[in-house]
Amino acid sequence: MADKRSILPATQQPLHLVIVGHVDHGKSSLIGRLLYDTDSLPEGKLEELKAVSAKRGMPIEWSFVLDAFQAERDQAITIDTTRIWFRTFKRDVVIIDAPGHHEFIKNMISGAANAEAAILVVDAGEGVQEQTKRHGYLLYLLGIRQVTVAVNKMDLIDYDRQRFATVTGEVTDYLGKLGIKPKFIVPISAREGDNIAKPSARMPWYDGPTVLESLDRLQSTSAPVDQPLRFPVQDIYKFDDRRIIAGRIETGVLRVGDTLVFSPSNKTARVRSIEAWNVDPKPVSASAGQSVGITLDQQVFVERGEIGSHDFNPPNLSNVFRTTLFWLGRKPLTVGDSLKIKLATREARVTVEALDAVIDTNSLAKGRAETLERNGVGTVVLRSREVLALDGYARSARTGRIVLIDGYDTVAGGVVSLEGYPDQRSVMTVKSTNIYSVAHSVEANSRAQVNGHTGGVLWFTGLSGAGKSTLAMEVEQRLFKRGLQVYVLDGDNVRRGLNKNLGFSPDDRAENIRRIGEVAALFADAGLVCITAFISPYRADRDRARAAAPGLFHEVYVKADLATCEQRDPKGLYKKARAGEIAEFTGISAPYEPPVEPEMVVDTAEVDIADCVEQIVDYVERTFRVKDG
């Protein structure tokens, strides 16, 4: 046994470590041996291990350290996720045992979620297996880049140097494709103790660090105080006349006097105090990792699940986003499935809107599929009825993770991507004050009687090249000749004037459509038939345009598949987008969300333009015309 470490002072910050690998490759044995070699076994545990192993007629079995239940020993499968502390010569280590059996990957998700580093255990004889690759991909997905690879069971291959080199090549090749370069690759025998705490005399050809030495060389991740403030609200407490908002600061620093915005409600207030019990004077700041209670300078209604942030750097607001996730449900995941999402302290219902890709964790290739099977990895579009406060994982790892629940079962874990989707906060924020509606002296019915038709918005939406502008101009001419007051708002024309200060980022696109929706509503209120011809790719934006003209909005889906639109390419935009000359191009590098229940669909890929025009004109005559009498 190595020298005791419990009396030695740690000179580095604690390291949170996850240990992963294929079933039976020896994770539990490695943990048991680490505890033994650092004198961290509970009193009497070593004698118990010797007795149990002798009873079974086998050498001492270190994996029994973590086997909490007799049933687990009988199955030879470790089920639970275990957190154990031990100490190296230089630091404390919090070891998170994440089981490798494919039935229990969900334990790994919860275990690896807070890890700073990982040991990936690989059997020297079996080499890299499918589960090894799946676990490696999960480490990549969760952003764990500090990885020590322990090539275990070297004793069973007679400590063969060449075999170790072969396995090293397999591991390095796969992790390299994920952008992970192992910090150390150590040949070990967990059973015999080779290269765990002391260099092995049986492998003189290896001159690298032992497992314990490799842990001392890894870096502890400092508290993310330099990231934007994220303060998920856990609960609200009432004390005397104080309303205390409690939660854990995930990232950033919170100070008395800070102006906070709570998302998604978008309410703002200043921090009046940071509450603490039996502390004098009261703290004036708190940082990432601390659980605190705060009071505000005004009584705003804030509830569990909201996220407090500084008003100058809030999370995004959206009801649709992408996630790359591990699917663990017993039934395959399909489009249309409804699930509960856990996002920090928030819970909400989401629907699977699209399954963009299924990822083969062996080859890392992306493919198309109708379902995501159990233990599979895929990129999925989720939509909620309510707006959620979201951070992309690349921006904030702590608030960019999600868990999906079906009934009472955890069925998926994943990370959030907001690429291609706008921040809806700007179009939801009301800045104008002291505004009062002015009642018109001319009523809508009077306008309709004079014009012979009611006002309304014909909102054409579809991919670029679907034929929106062509249809709009032809329909305008036909309706005008029939005596209707009609006008077209077209994307290119509007961007030369009203919206010339907007670009084509997701946020600018959302603002572009918001303005168009408001202008179109004014046209409709004036009694005109306003035809708009815009891609308007986001469903939420079209819903806001509908809300701006209640009862007067008619969504017309100008339907044409991507291949047809790209073949037409009237402005050469698809060619430029494919060449990378246009960023955020709908259908290529940015999403398009088709209407769910449009008032009308015209399929320009199947029906010629003249017939489509006739369909739309007939619809307007039936819907907008004032009947005789």
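Which loop-located trypsin sites (Lys or Arg not before Pro) does region 461-494 contain, where loop means any DSSP state but H, G, I, E or B and the Cβ has at most 14 other Cβ atoms within 10 Å?
In loop regions of region 461-494 (DSSP not H, G, I, E or B), the sparsely surrounded trypsin sites (Lys or Arg not before Pro) are R482.
State, as an integer percentage, the relative contact order of region 231-310 based on alpha-carbon contacts under 8 Å between residues 6 or more apart.
Relative CO of region 231-310 lands at 39 percent.
Calculate the spin-label point distance for D160 paired with Q477, positioning each point 7 Å from the Cα along the beta-carbon direction, and give it in nanometres.
Placing both labels 7 Å along Cα→Cβ, they lie 8.0 nm apart.
Set the Förster distance to 41 Å, then compute FRET efficiency between Q299 and Y487 from the Cβ-Cβ distance, nearest 0.05.
After rounding to 0.05, the efficiency reads 0.30.
With a/c under 1.5 counting as rounded, go ahead and sort region 315-407 into rounded, prolate or oblate using the C-alpha gyration tensor (a ≥ b ≥ c being the square roots of the eigenvalues; past the cut-off, prolate if a/b is larger than b/c, else oblate). Working shown, then result.
Values: a/c = 1.83, a/b = 1.40, b/c = 1.30.
Since a/c reaches 1.5 and a/b is larger than b/c, the shape of region 315-407 is classed as prolate.
To make sure I understand, if each residue's beta carbon is the centre and we count other beta carbons within 10 Å, what order do L489, L212, L30 fall in, fewest to most?
With the fewest neighbours first, L489, L212, L30 line up as L489, L212, L30.
Sort out for me the Cα centre separation of region 324-360 from region 286-306, rounded to whole Å.
Measuring centre to centre over Cα atoms gives 30 Å.
About its Cα centre, how strong a charge dipole does the chain have in debye, to the nearest 20, once Lys and Arg get +1 and Asp and Glu get -1 at the Cβ?
1060
Specify the inter-centroid distance of region 364-387 and region 583-628, based on alpha-carbon positions, in whole Å.
Their Cα centres are 29 Å away from one another.
How far is it, in nm, from the label point at F504 to the one at K238 when both lie 7 Å from their Cα along the line to the Cβ?
So the two model labels end up 5.5 nm from each other.
Full extension from T351 to R217: what is 0.36 nm times the residue separation minus their Cα-Cα distance, to one decimal in nm?
43.8 nm
By how many nm would the segment from V596 to D618 lengthen if fully extended, with 0.36 nm per residue of separation less the alpha-carbon distance?
Details: separation 22, 0.36 × 22 = 7.92 nm, distance 2.22 nm.
Working it through step by step, the gained length comes to 5.7 nm.
Can you tell me what share of the DSSP beta bridges in the chain is antiparallel? A percent to the nearest 5 is fine.
Of those bridges, close to 65 percent are antiparallel.
Mind listing which chymotrypsin sites (Phe, Trp or Tyr not before Pro) in region 521-615 are in a DSSP loop and have 12 or fewer other Cβ atoms within 10 Å?
Details: sites: F523, F534, Y538, F553, Y557, Y574, F585, Y592; in loops: F534, Y538, F585, Y592.
Hits after loop and neighbour filter: nothing returned.
Given H placed on each backbone N at 1.01 Å, which residues far from T88 in sequence or on other chains put an amide H within less than 5 Å of it?
The answer is V93.
Using Cβ counts within 10 Å as a stand-in for footprinting exposure, how do E518, E443, E275 rank, fewest first?
Exposure proxy ranking, most exposed first: E443, E518, E275.
Roughly what % of DSSP beta bridges within region 442-624 run antiparallel, to the nearest 5?
On the way: 0 of 20 bridges.
Among the beta bridges of region 442-624, antiparallel pairing accounts for roughly 0 percent.
Take the alpha carbon gyration tensor of the chain, find the square roots of its eigenvalues, order them as a ≥ b ≥ c, and report rounded if a/c is under 1.5; if not, report prolate when a/b exceeds b/c, else oblate. Kindly include the intermediate steps, with their values, before the conclusion.
Details: a/c = 3.07, a/b = 1.92, b/c = 1.60.
Since a/c reaches 1.5 and a/b is larger than b/c, the shape of the chain is classed as prolate.
Which whole-Hz ³J(HN,Hα) couplings does region 612-627 yield from phi under the Karplus relation 6.51 cos²θ - 1.76 cosθ + 1.60, θ = phi - 60°, glycine and proline marked x?
5, 4, 4, 4, 5, 4, 4, 4, 5, 4, 6, 9, 9, 5, 7, 6
Using the basic label-point model (7 angstrom from Cα toward the beta carbon), what is the S446 to T371 distance in nanometres?
Result: 6.3 nm between the two label points.
Can you compute the FRET efficiency between A51 and Y408 using 1/(1 + (r/R0)^6), with r the Cβ-Cβ distance and R0 = 45 Å? Round to the nearest 0.05.
Values: r = 39 Å, r/R0 = 0.86.
Approximately 0.70, to the nearest 0.05.
Report the calculated FRET efficiency for A526 and K181 (r = Cβ-Cβ distance, R0 = 56 Å), to the nearest 0.05.
0.30
Using only the Cα atoms of region 441-534, build the gyration tensor, take square roots of its eigenvalues as a ≥ b ≥ c, and label the shape rounded, prolate or oblate: rounded if a/c is under 1.5, else prolate if a/b is larger than b/c, else oblate.
Details: a/c = 2.78, a/b = 1.55, b/c = 1.79.
Oblate shape, in that a/c is at least 1.5 and b/c is the bigger or equal ratio.
Please give the charge dipole size of region 197-330, origin at the Cα centre, charges +1 on K and R Cβ atoms and -1 on D and E Cβ atoms. Round to the nearest 20 debye.
360
Only the coordinates and a few stated rules stand behind these numbers; no lab work does. These figures come from a predicted structure and were not determined experimentally. Reconstructed Cβ throughout: ideal geometry from the backbone, glycine too, with neighbour counts over all protein chains shown.
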